[in-house]
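J.: Supplied in structure tokens, the structure appears directly below.
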Amino acid sequence: MTGFDMALKSTECWLELANGERITLPVDRWQATGPSDEMLLAHCCGPTLDIGCGPGRLTSALSVRGVPVLGVDVSAVAVQLTLARGGVALRRDVFDPLPGEGRWHSALLADGNVGIGGDPVRLLRRVRGLVARHGRVLVELDAPGTGLRNHSVRVNGLGTWFPWAWVGADAVDEVALQAGFRSRWVAEGGNRWFTELVPQ
């Protein structure tokens, strides 16, 4: 069982950075949709890929709206929880082959998942190959002033270290540009920050 598997089954979770810093993860928010999620959901048009779907709150919310959606996550627990909500999900790494490559109308990187792999430019270049020519990527960001940073982290001080990254609203334009995207908008809602990226 991975650190994120354990996090999905607990009520308290944090990332421990190699420098000793701890960042609390919003486990409660992962479980149920809230008003600020609408900033992402309202812009998902057509078949949508929910990358790092976690327990499936966004995957299931889109499915209820009639949007074709597939959740993908490396966590077996996440996939089980998504399926239990009635969503469709696969246990898969985003860097592995995925169904419908180059044909997804929308892709989601919510809850800080733009940090997957510790290199947001590499991740977004991969997502660029997943979405259609006129597709879009809805990304949750950190607050302005965060910039771009990456660290080795582990969950709840347990298990192996792995790379993770954070992209602030002030850094997204440069990250997007390097990955072949441009930002259509950046907005705050419910103390969370979001952007919509479209291919250049």
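The values are calculated or read from the model by the stated rules, or taken from the named source; none is laboratory data. All of these numbers come straight from a predicted model, not from anything done at the bench. Using ideal geometry, Cβ is built from the backbone for each residue, glycine included, and neighbour counts are taken over all protein chains shown. Side chains are part of the model used for accessible areas, which takes the heavy atoms of the whole protein and leaves out ligands, DNA and RNA. Shrake-Rupley method; radii C 1.70, N 1.55, O 1.52, S 1.80 Å.
J.: Scan (1) surrounded by fewer than 17 Cβ atoms within 10 Å (Cβ to Cβ); (2) polar (S, T, N, Q); (3) in contact with a helix residue (DSSP H, G or I) (Cβ under 6 Å, 6 or more places away or on another chain) for the single condition Thr160 breaks and write down its number.
T.: Looking at each condition in turn, Thr160 falls short on (3).
Here's the yes/no breakdown for (1) at pLDDT below 95; (2) farther than 16 Å from Val131 by Cα; (3) not in a strand (DSSP E or B):
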position	(1), (2), (3)
Trp164	no, yes, no
Val175	no, yes, yes
Gln178	no, yes, yes
Arg182	no, no, no
Trp185	no, yes, no
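J.: Take region 11-52 and flag every residue that is on the phi > 0 side of the Ramachandran plot and at pLDDT below 95.
T.: The answer is Gly20, and nothing else.
J.: On the basis of being in contact with a Pro (Cβ under 6 Å, 6 or more places away or on another chain) and either part of a loop (DSSP other than H, G, I, E, B) or not aromatic (Phe, Trp, Tyr) (or both), does Val79 make the cut?
T.: Considered against the rule, which asks whether it is in contact with a Pro (Cβ under 6 Å, 6 or more places away or on another chain) and either part of a loop (DSSP other than H, G, I, E, B) or not aromatic (Phe, Trp, Tyr) (or both), Val79 comes out as no.
J.: Further question: In region 100-118, how many residues are assigned to a loop (DSSP other than H, G, I, E, B) and either closer than 17 Å to Glu140 by Cβ or touching a Lys or Arg at 6+ places or on another chain (Cβ under 9 Å) (or both)? Lay out the reasoning, then the answer.
T.: Start the filter on region 100-118 by keeping residues that are assigned to a loop (DSSP other than H, G, I, E, B), which leaves 100-103, 110-112.
Keeping just the survivors that are either closer than 17 Å to Glu140 by Cβ or touching a Lys or Arg at 6+ places or on another chain (Cβ under 9 Å) (or both) gives 102, 110-112.
Count: 4.
J.: Suppose we keep only residues that are open to solvent by less than 60 Å² (accessible area, probe 1.4 Å) and over 15 Å from Val121 (Cβ atoms) within region 144-157. Which one would you say is farthest from the chain's Cα centre (by Cα)?
T.: Residue satisfying both the conditions and the ranking: Gly157.
J.: Out of Asp37, Asp5, report the one residue that is among the charged types (D, E, K, R), open to solvent by less than 40 Å² (accessible area, probe 1.4 Å), more than 21 Å from Glu188 (Cβ to Cβ) and not in a loop (DSSP other than H, G, I, E, B).
T.: Checking each option against the conditions leaves just Asp5.
J.: Could you please tell me which pairs satisfy a Cβ distance under 8 Å, a separation of 6+ or placement on different chains, a first residue in region 1-26 that is more than 11 Å from His151 (Cα to Cα), and a second residue that is modelled with pLDDT under 70 and surrounded by 12 or more Cβ atoms within 10 Å (Cβ to Cβ)?
T.: Cys13/Met6; Cys13/Ala7; Leu25/Ala7
J.: How many residues are touching a residue at least 40 places away in the same chain (Cβ under 8 Å) and either among the acidic types (Asp, Glu) or not in a strand (DSSP E or B) (or both) if we restrict to region 142-162?
T.: The qualifying residues number 5.
J.: From the list Gly52, Gly20, exactly one residue is within 14 Å of the chain's Cα centre (by Cα) and small (Gly, Ala, Ser). Which is it?
T.: Going through Gly52, Gly20 in turn, the sole match is Gly52.
J.: Residues to consider are Ala32, Ala42; find the one that is within 20 Å of Val198 (Cα to Cα), surrounded by fewer than 23 Cβ atoms within 10 Å (Cβ to Cβ) and free of Cβ contacts under 8 Å to residues at least 40 places away in the same chain.
T.: Ala42
Residues are listed down the side, and each one gets a yes or a no for (1) buried (at least 18 other Cβ atoms within 10 Å of the Cβ); (2) without any contact (Cβ under 8 Å) to a residue 60 or more places away in the chain:
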{"residue": "Thr48", "(1), (2)": "yes, no"}
{"residue": "Thr59", "(1), (2)": "yes, yes"}
{"residue": "Val72", "(1), (2)": "yes, yes"}
{"residue": "Thr82", "(1), (2)": "yes, yes"}
{"residue": "Gly86", "(1), (2)": "no, yes"}
{"residue": "Asp93", "(1), (2)": "no, yes"}
{"residue": "Ala110", "(1), (2)": "yes, no"}
{"residue": "Gly115", "(1), (2)": "yes, yes"}
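J.: Can you pull out every residue in region 163-185 that is open to solvent by 60 Å² or more (accessible area, probe 1.4 Å) and aliphatic (A, V, I, L, M)?
T.: Leu177
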